[in-house]
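Heads up: the structure comes next, in structure tokens.
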Amino acid sequence: MPRKSPRSRRKAGTPPRVPSAARVRSAPGKSRARPARAARSMKGARPVVPARSRARRPAQRLRPAAAPGPRRARAATPDPVRVRAVLEQLREAYPDARCALHFATPLQLLIATILSAQCTDERVNIVTPALFARYPDAAAFANATPAELERLIHSTGFFRQKAKSIRDSCADLVARYGGEVPRTIDELTALRGVGRKTANVVLGNAYGIASGIVVDTHVARLAARLGFTRETDPVKIEMALMPLVPREQWTLFSHWLILHGRAACNARKPRCSMCPLSPHCPKIGVTLSQ
């Protein structure tokens, strides 16, 4: 049976279709606006919301940037007049200031300074006579048996690490300098087990060379209490003190502060009533004094 065409299947009485209006083609590069879809009439269906126009929104008001936090105030340079007054009082109070460690050669002072870490000078002076008699030169220290060396310095504390530092530094002295202690800060600090503090002690007291200021616990504490610096790192404290003190007094300045810290300016309860520096001291950090 032949298949009928769509026109032949059209019911009688149906008006013919009228062609719709011609499409309006958009210009190249421009999108054609689409009409909004009608809302659905199905039960429970969400209505279709027309798309929002793409008109440019007003610029949002930007919040002001938060104010930067307070910057750390730079430490003010101490008054030179006050610094000179402090140095003069220290010189008058301790005219015989010198190194508290006993030594006869630069090598002996180097060994004694290594032993003085976390130990009193009195204890080191008790240990060193027998130690120097047993090991007279750098080669003897370099070839020392670790167990025997540790036994001789046991009472100074941290004896294993100190014995290693002594043996290593003396081995470097023998290999590089013929067993002699060098005279520059760079050569000394290049030795194994020797830091800047030890090098300054040796140069200032054995050779009379002002290479820097020795910063130990007393020097660090009194420098802060006197208002000379706010630094807490030993090297930074040294760099802050060096411009304040004349170069020829660098070695004595350390001895003065060490002696004053032991005699009057205690850590917990300083004797401010009898301190000759009291008129020139801001007493930073002092909460209780005698």
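Which one of these does residue 163 not meet: (1) closer than 26 Å to residue 217 by Cα; (2) in contact (Cβ under 8 Å) with a residue 24 or more places away in the chain; (3) crowded, with 16+ Cβ neighbours inside 10 Å?
Exception for residue 163: condition (2).
Going through region 239-290 one residue at a time, which ones are closer than 16 Å to residue 94 by Cα and in a loop (DSSP other than H, G, I, E, B)?
Those that are closer than 16 Å to residue 94 by Cα and in a loop (DSSP other than H, G, I, E, B): 264, 265, 275, 276, 277.
Counting only residues that are in contact with a Lys or Arg (Cβ under 8 Å, 6 or more places away or on another chain) and assigned by TED's automatic domain parsing to the domain that holds residue 184, give me the helices (runs of 4 or more DSSP H) lying completely in region 82-146 with at least 1 of them.
Helices (runs of 4 or more DSSP H) meeting the threshold: 106-115, 138-142.
Taking the stated definitions as given, is residue 177 aromatic (Phe, Trp, Tyr) and in contact (Cβ under 8 Å) with a residue 12 or more places away in the chain? Step through it out loud before you land on a result.
Details: aromatic (Phe, Trp, Tyr): yes; in contact (Cβ under 8 Å) with a residue 12 or more places away in the chain: no.
In short, no.
Would you confirm, using the coordinates I've provided, whether residue 284 is surrounded by fewer than 21 Cβ atoms within 10 Å (Cβ to Cβ) and modelled with pLDDT under 95? Even if it seems obvious, please write down each step before you answer.
Values: surrounded by fewer than 21 Cβ atoms within 10 Å (Cβ to Cβ): yes; modelled with pLDDT under 95: yes.
Judged against the criteria, residue 284 is a match.
Looking at the structure I just gave you, is residue 220 assigned to a helix (DSSP H, G or I), surrounded by fewer than 18 Cβ atoms within 10 Å (Cβ to Cβ) and under 24 Å from the mean Cα position of the chain (by Cα)?
So residue 220 fails the test.
For region 247-268, what are the residues that are surrounded by fewer than 19 Cβ atoms within 10 Å (Cβ to Cβ) and within 27 Å of the chain's Cα centre (by Cα)?
Within region 247-268, 247, 266, 267, 268 qualify.
Give region 203-241 a look and list any residue that's of a type in the set (A, V, I, L, M, F, W, C), out of contact with any helix residue (DSSP H, G or I) (no Cβ under 7 Å at 6 or more places or on another chain) and more than 21 Å from residue 283 (Cβ to Cβ), or say none. Before you say what the answer is, go through the steps one by one.
First, the residues of region 203-241 that are of a type in the set (A, V, I, L, M, F, W, C): 203, 206, 209-210, 213-215, 219-220, 222-224, 226, 228, 235, 237, 239-241.
Filter again for out of contact with any helix residue (DSSP H, G or I) (no Cβ under 7 Å at 6 or more places or on another chain), leaving 224, 239-240.
The one that is of a type in the set (A, V, I, L, M, F, W, C), out of contact with any helix residue (DSSP H, G or I) (no Cβ under 7 Å at 6 or more places or on another chain) and more than 21 Å from residue 283 (Cβ to Cβ): 239.
Residue under question is residue 194, and the condition is that it be touching a Ser or Thr at 6+ places or on another chain (Cβ under 6 Å), more than 22 Å from residue 261 (Cβ to Cβ) and crowded, with 20+ Cβ neighbours inside 10 Å; does it hold?
Answer is yes for this residue.
The values are calculated or read from the model by the stated rules, or taken from the named source; none is laboratory data. As the structure is a computational prediction, the values presented were derived from the model and not from experiment. Note that each Cβ is placed from the backbone with ideal geometry, even for glycine, and that neighbours are counted across all protein chains shown.
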